[in-house]
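Below is one structure, written out as structure tokens; comments come after it.
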Amino acid sequence: MLKISNLTASYGLSQVLFGIDLHVDAGEVVALLGRNGMGKTSTIMSTMGLIHATGTVEFNGRPLHQIKAYKIPQAGIGLVPEGRHVFPNLTVRENLIATAANRHHAENPWNLKRVLELFPKLAERLGNYGNQLSGGEQQMLAIARALMTNPQLLILDEATEGLAPLIRLEIWRCLDELKNLGQSILVVDKNLNHLLRVADRHYILEKGRIVWSGTSTELRTDTSAQQKYLGV
């Protein structure tokens, strides 16, 4: 579904990505791991056309690196960005319907009713503005907003960062449910225990390079890689 080949990117004169190769297949959950500052967000921003990069990014066989950034979500990729970025002066309802679409004719599309069933807390806050929500509620809203575009691939950058433990569990419950529904997902997070359970495969970034890749079973048993690349 998503295929990234030899991706390089820079901020000014500082190169941050060095030949990234990764892929996400249909129905797969893939985790992008690494310590802070290793290039995870840069990889996602490059994929979404938000920073200049070289190499190739293909989605369902279509080259994305040759099109405008605003057309990439229309191609079928939903982004839940780091920091959530909900619209602060729109209500929860308005946030959800502002970009809602079913461009790829999903048989059972995400709509307002379905996302509120997935996140019942949002149903209680439909009339509240984005800047009146807690951090956890904003993250739920950001995920629900992305789902309302009915993406073929959902990308979550720092899925549970800075959230209270109970809210984190709610987000992982959501990801479990999405996986069971066959949703393709690329997720960045630091909670290895949950990722080992949810994700099918993992890529580890170190200083802008992929230094390890494999299945959850392989990563679970490779304690040296965990300690070397993910330990604090």
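Descriptive notes on the structure:
- The chain, relative contact order in percent, only Cα pairs under 8 angstrom and at least six apart counted: 28 percent
- For the chain, the longest principal axis of the Cα atoms and the long axis of helix 135-147 meet at an angle of about 90 degrees.
- If you count Lys pairs in the chain whose Cα atoms are under 21 Å apart, skipping same-chain pairs closer than 8 places in sequence, the total is 15.
- Most to least packed among 72-83, 156-167 [average Cβ atoms within 10 Å]: 72-83, 156-167
- In terms of its Cα atoms, the range 1-104 spans 41, 29, 26 Å along the principal axes, sorted from long to short.
- Solvent-free Debye calculation, one equal scatterer per alpha-carbon of the chain: log10 I(q)/I(0) at 0.08, 0.10, 0.13, 0.14 Å⁻¹ equals -0.28, -0.44, -0.76, -0.89.
- Across the range 148-154, rounded Karplus estimates of 3J(HN,Hα) from the backbone phi angles (6.51 cos²θ - 1.76 cosθ + 1.60, θ = phi - 60°) give 5, 7, 6, x, 6, 10, 10 Hz, Gly and Pro being marked x.
- Phi-derived couplings, Karplus 6.51 cos²θ - 1.76 cosθ + 1.60 at θ = phi - 60°, listed residue by residue for the range 161-169: 4, x, 9, 5, x, 5, 5, 4, 4 Hz, with x used for Gly and Pro.
- For the pair the range 26-49 / the range 5-21, the C-alpha centres are spaced 13 Å from each other.
- The amide H of Trp212, built 1.01 Å from its N in the peptide plane, has Ile204 as neighbours under 5 Å, considering only residues 5 or more places off or on other chains.
- Burial ordering of Leu17, Leu196, fewest other beta-carbon atoms within 10 Å first: Leu196, Leu17
- Zero-based 10 Å bins, Cα pair distances in the range 101-161, whole percents: 21, 51, 26, 2
- Here His52, His194 are placed in order of increasing Cβ neighbour count within 10 Å, fewest first, which gives His52, His194.
- Per-residue ellipticity at 222 nm, computed for the chain from helices alone with -39500 (n - 2.57) per DSSP H run of at least four residues, works out to -8500 deg cm²/dmol.
- When Val187, Val198 are arranged by Cβ crowding within 10 Å, least crowded first, meaning fewest neighbours, the order is Val198, Val187.
Read the figures in this text as sums done on the coordinates, not as results from a lab. Computed from a predicted structure; not experimentally measured. Don't worry about glycine lacking a Cβ; one is built from the backbone with ideal geometry, like all the others, and counts go over all protein chains shown.
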